[in-house]
Amino acid sequence: MNALVFGANGTLGGAIVDLIKATGSQVVTASRDSSKTDVQMKNIVEQLKRIDRKFDSCIWAQGMNTSDTLTNSEDFQKVFDANVGFIIETLKILISNNLLSKNARLVVVSSIWQEASKTNKFSYTVSKSALKGLVNSFVADYSPHGLSMNAVLPGVVDTPMTRANLSQAQITNIEKETPMKTLVTSEDVARAVNWLASPESSGINGQFIRVDNGWSQIRAI
């Protein structure tokens, strides 16, 4: 399998790349601007054509997060462009340049906040909600051409960034509210993404799979 992974420098993207490589697949890493990846957005068409391969899977693990409300959402457009616009732009490039193989499987890493809301996350929540429409619209228009798209919705992932942004009390509370009493890991997310990107998930299309140990939908009363 030849895979293209956007956002490969992030914690989730890195875990996804490592797992796909471990299965023996070939991976091309990509980002918006990092020189540490194989491909960057500047001159991306020329770079991908130089690699000279079609991709059996493409994964978007890039994104931007911020804390804001409606009245102080100065960075809304930046967040929306990073989380939604970037996927649209790169999809256009891949399709118009015939860079996807027949029956390619596409995976978007979204968030459980696509389906719910929390305080002070206006721009992030709006952008993630838009991804649901993106996936559904893509499936409607491009499934007849053999392409599929699904999304993985991580919950609170146990990463250094999570532990830097949440207090221990907040993390403990989330663990208590989670049926399995533990946060998911980046490896948990990577396994779901890898499965959806592989031929083993044939028949799965237009689905939104939560990876949060049941936290977002189960409550003990």
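The values are calculated or read from the model by the stated rules, or taken from the named source; none is laboratory data. These figures come from a predicted structure and were not determined experimentally. When we count neighbours, we look across all protein chains shown, and the Cβ atoms used for this are built from the backbone with ideal geometry, even at glycine. These area figures cover heavy atoms from the full protein model, side chains too; ligands, DNA and RNA do not enter into them. Shrake-Rupley method; radii C 1.70, N 1.55, O 1.52, S 1.80 Å.
Numbers for the structure displayed
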item	result
Strands (runs of 3 or more DSSP E) completely within segment 1-114 that count 1 or more residues being surrounded by fewer than 20 Cβ atoms within 10 Å (Cβ to Cβ)	2-6, 26-31, 100-109
Residues located in segment 140-162, provided they are open to solvent by 90 Å² or more (accessible area, probe 1.4 Å) and at pLDDT below 90	PRO160, MET161
Residues of segment 186-221 classified as at positive phi and surrounded by 17 or more Cβ atoms within 10 Å (Cβ to Cβ), total	1
Any hit, segment 96-112, residues being modelled with pLDDT of 95 or more, more than 26 Å from SER202 (Cβ to Cβ), in contact with a strand residue (DSSP E or B) (Cβ under 8 Å, 6 or more places away or on another chain) and among the hydroxyl-bearing types (Ser, Thr, Tyr)	no
Condition met for SER123 (in a loop (DSSP other than H, G, I, E, B) and of a type in the set (Ser, Thr, Tyr))	no
Filter result for ARG191 (more than 26 Å from ASP68 (Cα to Cα) and at pLDDT below 95)	no
